[in-house]
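Single-structure report; data block below.
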Amino acid sequence: MTAQVHDIVIYKGEDYWLIGFEGDGLVKPEDFDMKPTSIITANWRGFSVKYLLADKGLFLREMRLTTKRDIYKPIYGQTPEIGEYGAHYQGLDVAVAFTGKMRLGKGFLTECYVHQGFQKASAFQTVLDFEVEKGRIVEVKDRSEEAGKIRGRYRKWYTSKGFSPTGTFKRIKDAYSLDMDLK
């Protein structure tokens, strides 16, 4: 198994990894009548996005994706650059009406790396939780200190389990989850 590509959120001029969310309205290729497919193990979803989160709202800036037949439709008039690993849409400025919670991480600590799924909050120096309504920030909470107190706990749990069908499937399911549990 392989660690997965995280979506990126630009906040106050810095890139953060989207490490958790709950709610509705984040972008997916189906919103633009495209069905993604995976061609690399580091991106089982078949797409990744880059957002901008600012006082004026949440905006889609970029999308990378692959489709089964390499058919890529314009996104709000933008056509993608096509490369070896699919399409790359750049220069987008699409308002995203997401409502829910988002967790962003910055300052990834390689000693906490787990070679499967998405990296967890305890693997980042900075962890911020956002409450968002229709794309607008309602509240920001710094969870960095809490994440620091459990630093490495997830990696230890993940790597300490021996093989068992139940335990292995639980680890896989948890590794690919972008839930809002602080771990």
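Just so you know, all these numbers are worked out from the coordinates, no wet-lab data involved. Here the structure is a predicted model, which means the values were calculated and not measured. Positions of Cβ are generated from backbone atoms using ideal geometry, with glycine treated the same way; all protein chains shown enter the neighbour counts.
First select every other residue whose beta carbon is under 11 angstrom from the beta carbon of Asp55; then total the charges, Lys and Arg +1, Asp and Glu -1. Write out the running numbers ahead of the final one.
On the way: positive: Lys12, Lys56, Arg136; negative: none.
Spelling it out: positives minus negatives among the neighbours equals +3.
Average the reciprocal distances over every distinct pair of alpha-carbons in the stretch 1-74, invert the result, and give the Kirkwood radius in Å. Can you show the working numbers first?
Values: mean 1/r = 0.0748 Å⁻¹.
Across the stretch 1-74, the inverse of the average 1/r is 13.4 Å.
How far, in degrees from 0 to 90, does helix 165-175 lean away from the longest principal axis of the Cα atoms of the chain, to the nearest 10? The helix 165-175 is inclined about 50 degrees to the chain.
Among the chymotrypsin sites (Phe, Trp or Tyr not before Pro) found in the stretch 93-151, those both in a DSSP coil and sparsely packed, with 15 or fewer other Cβ atoms within 10 Å of their Cβ, are Tyr113. Legend: residue pairs Lys106/Lys149; Lys50/Lys120; Lys50/Lys149; Lys28/Lys183, Cα-Cα distance threshold 24 Å; pairs beyond threshold, Lys50/Lys149; Lys28/Lys183. Neighbours of Asp15, meaning other residues whose beta-carbon lies under 10 angstrom from its beta-carbon, give a summed charge of +1 when Lys and Arg score +1 and Asp and Glu score -1.
Using 0.36 nm per residue, how much length does the chain from Ser38 to Thr126 gain when fully extended, once their Cα-Cα distance is taken away?
Details: separation 88, 0.36 × 88 = 31.68 nm, distance 2.99 nm.
Length gained between Ser38 and Thr126: 28.7 nm.
Using the Cβ of Ile71 as centre and a radius below 11 Å, the other residues enclosed give a net charge of +2, where K and R count +1 and D and E count -1. Rg over Rh for the stretch 35-89 works out to 1.02, both radii taken from alpha-carbon positions and Rh defined as the Kirkwood radius. By the rule of a C-alpha distance below 18 Å, with chain neighbours fewer than 8 residues away ignored, the aspartates and glutamates paired with Lys173 are Glu22, Asp181.
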